[in-house]
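What follows is a short report on a single structure.
None of the figures in this text is laboratory data; all of them are computed from the coordinates on show. Since we're looking at a predicted model, the values are computed, not measured. Positions of Cβ are generated from backbone atoms using ideal geometry, with glycine treated the same way; all protein chains shown enter the neighbour counts.
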Amino acid sequence: MLSEHPDVLSQVLKLVRLRGDHVFHGELGTQAAVTFPPGPATFLHLRTGELSVSQRDGQPVLLRPGDFVLLPRADGHTISGNPKVKAPKCFEADVSSASQREAQTFRWAAEEGVAGSFLAGGFYFDGAPLRSLLTGLPGLIHLTCDKSMEPPWLAAISHFLEVESRAVSPGASLMISRLIDLLVIRTLRMWVSRQGSRAGWLSGLTDERIGRALNAMHQAPDRAWTVQSLADTAMMSRSMFSDRFTAVVGVPPLRYLTRWRLTIAADLLRMGTLKVTDVAYGAGYASEAAFSRAFKAQFGYPPSNAHRMSQGGIFRARSSEML
């Protein structure tokens, strides 16, 4: 068995590795807007005031104190002090210097007052096999967290991020990276729980019966699963289970199983410590040849090249619909 964990989301997020890049403090004027170019994925925790954030060609989302925004696709966004201002003073963000060890505060304003202040940061998804998880996420995740209802975990992580970003002690950059990991994971957990059936393939995690089948596949990916045995696990008829699984998750049960097996195998191979044969049998394949064919069809190169491809930062699925 390749892995055994109590829930699907933990296993999925375990394979989504993040690399924290920088944290900074921002202030934006009431008559100003600042545009962030494509680059790292971004998060923003509003501390005071009201601001709006929008993706490229997207509608602005109003943020109030305590609100949190995650922008996982790294395709650029704009923060505005007042979206109703027809011709705001526009700034181009350049926060690359925020990766330095000393704290950085950026103030984008003219002569007017400050509309809002926030803690923000950037991070990268390492070139791991579950990078296509992003296809199941929206470009902007907004957690409405009225200041009096702010989740304790958000307040705590944000506080420690601020402390570490202002620290000059050794290890601050590592602490920031680990805290960003926690922040993103907790955000995704809350988002999935709030979205339910609107969470794309992730909605399967909140469906009680489909969730049973997903957990079973994730706990024993090497088992010779059939649609009938998965339906039995979900306590549904075969046809009802197959239809519901496909509708909720977006792919048929056995296709999901194949892709999950290959995803785990790919993650093991990228480490370069196991033989292809061992990984193939551990993933439930009867032969190395069958595994190699499936792997190449999924990722575009043979499993023997997986470690080298991951070292080059180009370890990705051939299809953007891996899960």
Q.
Taking the number of other C-beta atoms within 10 Å as the exposure measure, put MET217, MET175, MET240 in order starting with the fewest.
A. MET240, MET175, MET217
Q: Multiply the residue gap between GLU111 and ARG238 by 0.36 nm, knock off their C-alpha separation, and tell me the result in nm, one decimal place.
A: 39.0 nm
Q. What is the spin-label model distance, in nm, from LEU182 to GLU50 if the labels are put 7 Å beyond Cα along the C-beta direction?
A. 3.3 nm
Q: Would you pull out the residues with amide H under 5 Å of HIS77's amide H, same chain only if 5 or more places away, H placed 1.01 Å from N?
A: PHE36
**Q.** Full-stretch length increase - ARG194, ASP146 - with 0.36 nm per residue and alpha-carbon distance subtracted
**A.** 15.7 nm
Q.
Need one number for segment 207-311: average projected area of the convex hull over its C-alpha atoms, nm².
A. 6.6 nm²
Q) Can you run phi through the Karplus equation (6.51, -1.76, 1.60; θ = phi - 60°) for segment 239-250 and list ³J(HN,Hα) in whole Hz, with x for Gly and Pro? A) 5, 5, 4, 4, 5, 5, 4, 5, 5, 7, 8, x
Q: Could you work out how far apart the two model spin labels at ALA247 and ALA224 are, taking each label as a point 7 Å from the Cα in the direction of the beta carbon, and quote it in nm?
A: 3.2 nm
